[in-house]
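A.B. asks: Got a structure here, written out as structure tokens. Questions coming.
The values are calculated or read from the model by the stated rules, or taken from the named source; none is laboratory data. The structure displayed is predicted, hence computed values, not measured ones. Please note: Cβ atoms are built from the backbone with ideal geometry, for glycine as well, and neighbour counts cover all protein chains shown. Please note that ligands, DNA and RNA were not included when accessible areas were found on the heavy atoms of the full protein model with its side chains. Shrake-Rupley method; radii C 1.70, N 1.55, O 1.52, S 1.80 Å.
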Amino acid sequence: MKYYLLILTLFFWSQISFAQIVNNYKISFDKAEHHEAHVEATFTNLRRGTTSLTMSRNVKGDYGTHAFAKNIHDVKITDSRGRDIKSVSRPNLSQWDVTGHDGTIHVEYNLFADQADGIFSQIDETHALLNNPSAFMYIEAVESRPIEINFELGERNWRIATHMSEVSKNTYLASNLQDFMDSPVLLSNYILRERKVGDTGKPQTIKMALHYYGTDQEADDFFDTVMKVLTEESKIFGGFPIFENNEYLFLACFMPQVSEGGVAHRNSAVITSPTSLAYGGVEKKVEVFSRQFMHAWNKERITPLGLKPFNYQNQNLTEELWFTDGFSEYFTQLALCRSKLITPEELIASFSNTYNRVWGSSNSKLNAIEYSRKVNFAFQKSKNENTSYLPHRDYGFLLALALDMTLRNKSSELSLDNFMMLFWTKYGKTEINFSNDNLYITLREYAGKALADKFFENYVYDNDIPKYDKLLEQVGLYLRPLETPYIGAQVEFTQNGTAQVAEYTVKNTPAYNAGLEKGDIIISIGGSTFSNREQFEETMSLLSSEKSTEIEYRRNGRTRTEEIDIETNPEVEFGLFPEPKEKELTARNQWLNGDLPSTIE
């Protein structure tokens with residue numbers, strides 16, 4: 001009996017000991033001026049055999065695949081006694097398979113980082129902005145363990161901003177690998193702004209750690225504007241989310257050496273821009289803040305099946321991004337308008353621009369699901385598809401507009417705002433991963449079978465274009481074709497006044513059929529030359545649609561002359577009726593002010 005109790009006791013304590021095993025990291029910045037950091041990681045209590053050390057290839061908030069391992073140098077792998085482990089193989093460039101360790105693996109390496117955009121990392125004398133997947137090796141077999149990281153700052157007087165929990169000076173704790181990878185870090189002499197939001201019984205804190213060259217007043221005014229828009233966003237869902245540690249953190253870096261970027265995480269976001277607040281661009285910066293924060297509801301908590309848990313090695317294939325990204329973009333723009341940061345005219349202009357990117361000159365026949373599945377190809381140029389934007393987001397944005405108008409047209413008690421609140425209640429607050437079927441079923445519950453069937457059959461599973469001209473009449477908006485002469489080439493003027501085809505020409509457009517391609521220099525159209533945008537547009541306006549003319553262009557030093565058809569521009573323009581009827585004006589104000597009474601309990 002005593003022997004049996006002894007065994008139970010040993011088992012009990014071994015389980016407690018195992019539960020407390022922590023993976024330890026340490027990073028120092030002695031050579032920050034060279035964009036370098038030194039990283040050490042120690043993993044103990046590993047099973048004998050082969051253990052894989054891995055660098056990520058994917059990151060949350062981005063749809064490309066990256067070779068982060070290319071920035072890892074001077075890798076050294078040792079055991080618990082500091083002895084080099086000789087048996088290390090590389091099955092691929094992002095993986096180190098370690099055999100013959102003694103249950104402990106200690107790895108250290110130098111990290112090169114000089115790209116601050118929320119996806120990669122950057123280190124220099126002014127700051128370190130770390131996106132953890134781009135900086136730290138990990139062992140997937142022990143991903144459930146807590147992770148402790150120590151930042152050795154030496155004589156640098158940086159402060160540390162991250163959503164991870166502080167356990168001691170310069171040391172922070174993440175609950176597991178997913179939490180660690182989802183917790184970016186800013187080390188700099190940033191300024192901090194914060195605001196309590198939500199229920200006074202359970203207040204949440206929104207924080208902004210801002211690294212930039214500017215005044216305190218500029219930071220105060222900017223944060224006030226950001227909070228105004230975030231408050232409008234919260235009304236859509238009936239309040240702010242409940243954040244871990246009861247706080248959400250913006251890591252903002254407006255420094256000349258960074259790139260434009262914005263990446264959302266579960267409880268934080270990274271926003272980068274090379275321009276300061278003093279030189280304009282406040283609206284665009286607030287828009288990026290608002291877009292990333294919208295994902296705190298619609299993606300991080302209302303999460304598609306394919307995105308949780310996130311796979312940092314392989315592509316995360318999901319068919320619902322048209323909803324998470326597209327509907328989020330729609331409400332981002334609405335929130336900007338409702339908070340008076342942009343005008344109704346500017347909001348409507350975004351409808352025109354988005355429509356024309358998706359349907360104006362594109363030959364794509366993809367539907368919402370196919371756009372979502374192809375998101376991993378975003379920004380990878382493909383012939384006959386303009387992928388310099390995120391087509392799934394634009395397509396979803398337009399479907400959100402169509403569904404909102406359809407709901408409002410059916411009943412004064414229906415709106416996309418209320419549908420989102422319902423979906424948030426069912427799948428966001430509960431954090432149950434959803435599918436397109438869940439979207440369909442919820443829409444059917446909310447608005448009826450006929451409306452849900454038509455929306456999904458025509459626009460989600462097929463690629464019909466909603467009848468926006470009819471749908472928008474109820475809020476005093478119009479849609480009309482431009483009907484201007486059109487050749488189907490995106491033309492930009494260089495500094496020396498030459499007209500250059502800026503993008504690949506799309507199949508079956510006049511420019512494509514005439515042989516024009518990206519990089520060609522257009523010399524004349526119909527015998528007329530031009531040296532700036534105004535002259536080019538004047539030349540185009542004098543052409544007759546449905547006829548042909550000569551186009552002269554130069555490629556690789558050789559001048560060519562071809563016949564080109566002039567077609568009618570397929571693009572459209574959205575606009576506000578200047579004198580809407582009283583009923584239309586009331587409906588417009590309800591829509592743009594977000595003051596439709598909620599019907600969701």
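A.B. asks: Filter the stretch 246-303 down to the residues that are outside any loop (DSSP other than H, G, I, E, B), of a type in the set (A, V, I, L, M), at pLDDT 95 or above and out of contact with any strand residue (DSSP E or B) (no Cβ under 6 Å at 6 or more places or on another chain) and list them by number.
C.D. replies: Listed by number, the residues that qualify are ALA264, VAL286, MET294.
A.B. asks: Looking at PHE223, PHE240, can you tell me which residue is within 17 Å of SER328 (Cα to Cα), free of Cβ contacts under 8 Å to residues at least 60 places away in the same chain and surrounded by 21 or more Cβ atoms within 10 Å (Cβ to Cβ)?
C.D. replies: Unique residue meeting the criteria: PHE240.
A.B. asks: Considering each residue of the stretch 123-137, count those that are assigned to a strand (DSSP E or B) and within 16 Å of HIS38 (Cβ to Cβ), and give that number.
C.D. replies: In the first step, residues of the stretch 123-137 are kept if they are assigned to a strand (DSSP E or B); the result is 123, 127-130.
Of the ones still in play, those that are also within 16 Å of HIS38 (Cβ to Cβ) are 123, 128, 130.
So the answer is 3.
Residues checked against (1) among the aliphatic types (A, V, I, L, M); (2) touching an Asp or Glu at 6+ places or on another chain (Cβ under 9 Å):
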position: HIS106; (1), (2): no, yes
position: SER134; (1), (2): no, no
position: TYR138; (1), (2): no, no
position: GLU143; (1), (2): no, no
position: ILE149; (1), (2): yes, no
position: HIS163; (1), (2): no, yes
position: THR171; (1), (2): no, yes
position: SER175; (1), (2): no, yes
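A.B. asks: So which residues in the stretch 375-422 are modelled with pLDDT of 90 or more, among the charged types (D, E, K, R), open to solvent by 10 Å² or more (accessible area, probe 1.4 Å) and more than 20 Å from the chain's Cα centre (by Cα)?
C.D. replies: The answer is ARG408, LYS410, GLU413, ASP417.
A.B. asks: If you take the residues of the stretch 138-169 that are open to solvent by 30 Å² or more (accessible area, probe 1.4 Å) and assigned to a strand (DSSP E or B), which of them is farthest from ASN267 (Cα to Cα)? Before the answer, list the steps.
C.D. replies: We begin by selecting, within the stretch 138-169, every residue open to solvent by 30 Å² or more (accessible area, probe 1.4 Å); these are 140-141, 143-144, 146, 148, 150, 152, 154-157, 159, 165-169.
Next, from what is left, pick out any that are assigned to a strand (DSSP E or B): 148, 150, 152, 159, 165-168.
Details: GLU148: 18, ASN150: 21, GLU152: 24, ARG159: 19, SER165: 12, GLU166: 15, VAL167: 18, SER168: 21 Å.
This residue is GLU152.
A.B. asks: Within the stretch 568-582, track down each residue that is of a type outside the set (Phe, Trp, Tyr) and either in contact (Cβ under 8 Å) with a residue 24 or more places away in the chain or in contact with a Lys or Arg (Cβ under 6 Å, 6 or more places away or on another chain) (or both).
C.D. replies: Within the stretch 568-582, THR568, ASN569, PRO570, GLU571, VAL572, GLU573, GLY575, LEU576, PRO580, LYS581 qualify.
A.B. asks: Additional query: So, in the stretch 48-70, exactly how many residues are open to solvent by 20 Å² or more (accessible area, probe 1.4 Å), modelled with pLDDT under 95 and not small (Gly, Ala, Ser)?
C.D. replies: Step one: list which residues in the stretch 48-70 are open to solvent by 20 Å² or more (accessible area, probe 1.4 Å), which gives 48-50, 52, 57, 60-63, 65-67, 70.
Then drop every residue that is not modelled with pLDDT under 95, which leaves 48-49, 57, 60-63, 65-67.
Now restrict to residues that are not small (Gly, Ala, Ser): 48, 57, 60, 62-63, 65-66.
Of the residues in that region, 7 qualify.
A.B. asks: If we scan the stretch 584-592, do we find a residue that is open to solvent by less than 50 Å² (accessible area, probe 1.4 Å) and either in a loop (DSSP other than H, G, I, E, B) or farther than 30 Å from SER234 by Cα (or both)? Can you show your working first?
C.D. replies: We begin by selecting, within the stretch 584-592, every residue open to solvent by less than 50 Å² (accessible area, probe 1.4 Å); these are 584, 587-588, 591-592.
Okay, now just the ones that are also either in a loop (DSSP other than H, G, I, E, B) or farther than 30 Å from SER234 by Cα (or both), so none.
Scanning the stretch 584-592 turns up no residue that is open to solvent by less than 50 Å² (accessible area, probe 1.4 Å) and either in a loop (DSSP other than H, G, I, E, B) or farther than 30 Å from SER234 by Cα (or both).
A.B. asks: Sort through TYR63, TYR109 and tell me the only one that's among the aromatic types (Phe, Trp, Tyr) and in contact with a strand residue (DSSP E or B) (Cβ under 9 Å, 6 or more places away or on another chain). Before the answer, list the steps.
C.D. replies: On the way: TYR63 fails: in contact with a strand residue (DSSP E or B) (Cβ under 9 Å, 6 or more places away or on another chain).
Among TYR63, TYR109, only TYR109 is among the aromatic types (Phe, Trp, Tyr) and in contact with a strand residue (DSSP E or B) (Cβ under 9 Å, 6 or more places away or on another chain).
A.B. asks: Right, here's the next one. Taking the stretch 20-70 as the search range and keeping residues that are of a type in the set (Gly, Ala, Ser) and not in a strand (DSSP E or B), which one is farthest from SER188 (Cα to Cα)?
C.D. replies: So the first thing to find is which residues in the stretch 20-70 are of a type in the set (Gly, Ala, Ser), and the list is 28, 32, 37, 41, 49, 52, 56, 61, 64, 67, 69.
Then drop every residue that is not not in a strand (DSSP E or B), which leaves 32, 49, 56, 61, 64, 67, 69.
Working: ALA32: 12, GLY49: 41, SER56: 25, GLY61: 23, GLY64: 28, ALA67: 26, ALA69: 25 Å.
That would be GLY49.
A.B. asks: Still on this structure: Taking the stretch 304-327, which residues are hydrophobic (A, V, I, L, M, F, W, C), open to solvent by 10 Å² or more (accessible area, probe 1.4 Å) and assigned to a helix (DSSP H, G or I)?
C.D. replies: The answer is LEU305, LEU307.
A.B. asks: Scan the stretch 443-483 for residues that are of a type in the set (A, V, I, L, M) and part of a loop (DSSP other than H, G, I, E, B) and jot them down. Working first, answer last.
C.D. replies: As a first pass, look at the stretch 443-483 and keep what is of a type in the set (A, V, I, L, M): 443, 447, 450-452, 460, 465, 471-472, 475, 477, 479, 482.
Passing the criteria: ILE465, LEU482.
A.B. asks: Between a first residue in the stretch 81-108 that is closer than 13 Å to MET137 by Cβ and in a loop (DSSP other than H, G, I, E, B) and a second residue that is open to solvent by 60 Å² or more (accessible area, probe 1.4 Å) and at pLDDT below 95, which pairs have beta carbons less than 6 Å apart while being 6 or more apart in sequence or on different chains?
C.D. replies: Pairs found: SER94/ARG57.
A.B. asks: Which of (1) hydroxyl-bearing (Ser, Thr, Tyr); (2) touching a Phe, Trp or Tyr at 6+ places or on another chain (Cβ under 8 Å); (3) not in a helix (DSSP H, G or I) does TYR330 not meet, given it meets every other one?
C.D. replies: (3)
A.B. asks: State all residues of the stretch 78-97 that are open to solvent by less than 50 Å² (accessible area, probe 1.4 Å) and within 35 Å of the chain's Cα centre (by Cα); if no residue qualifies, say none.
C.D. replies: Of everything in the stretch 78-97, those that are open to solvent by less than 50 Å² (accessible area, probe 1.4 Å) and within 35 Å of the chain's Cα centre (by Cα) turn out to be SER94, GLN95, TRP96, ASP97.
A.B. asks: When TYR504 is evaluated against the numbered criteria (1) under 14 Å from GLU567 (Cα atoms); (2) within 30 Å of the chain's Cα centre (by Cα); (3) touching a residue at least 60 places away in the same chain (Cβ under 8 Å), which criterion, by number, is the only one it fails?
C.D. replies: The one condition TYR504 does not meet is (1).
Residues are listed down the side, and each one gets a yes or a no for (1) closer than 19 Å to THR484 by Cα; (2) over 35 Å from the mean Cα position of the chain (by Cα); (3) in contact (Cβ under 8 Å) with a residue 12 or more places away in the chain; (4) open to solvent by less than 50 Å² (accessible area, probe 1.4 Å):
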residue	(1), (2), (3), (4)
ASN508	yes, no, yes, no
GLY515	no, yes, yes, yes
ILE522	no, yes, yes, yes
ARG533	yes, no, yes, no
THR539	yes, yes, yes, yes
LEU542	yes, yes, yes, no
SER545	yes, yes, yes, yes
THR549	yes, yes, yes, yes
GLU552	no, yes, yes, no
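A.B. asks: Continuing with the same structure: Considering the stretch 29-41 alone, what residues qualify as being surrounded by fewer than 17 Cβ atoms within 10 Å (Cβ to Cβ) and of a type outside the set (Lys, Arg)?
C.D. replies: Restricting attention to the stretch 29-41, the residues satisfying the condition of being surrounded by fewer than 17 Cβ atoms within 10 Å (Cβ to Cβ) are 30-31, 33-34, 38, 40.
Matches in the stretch 29-41: ASP30, GLU33, HIS34, HIS38, GLU40.
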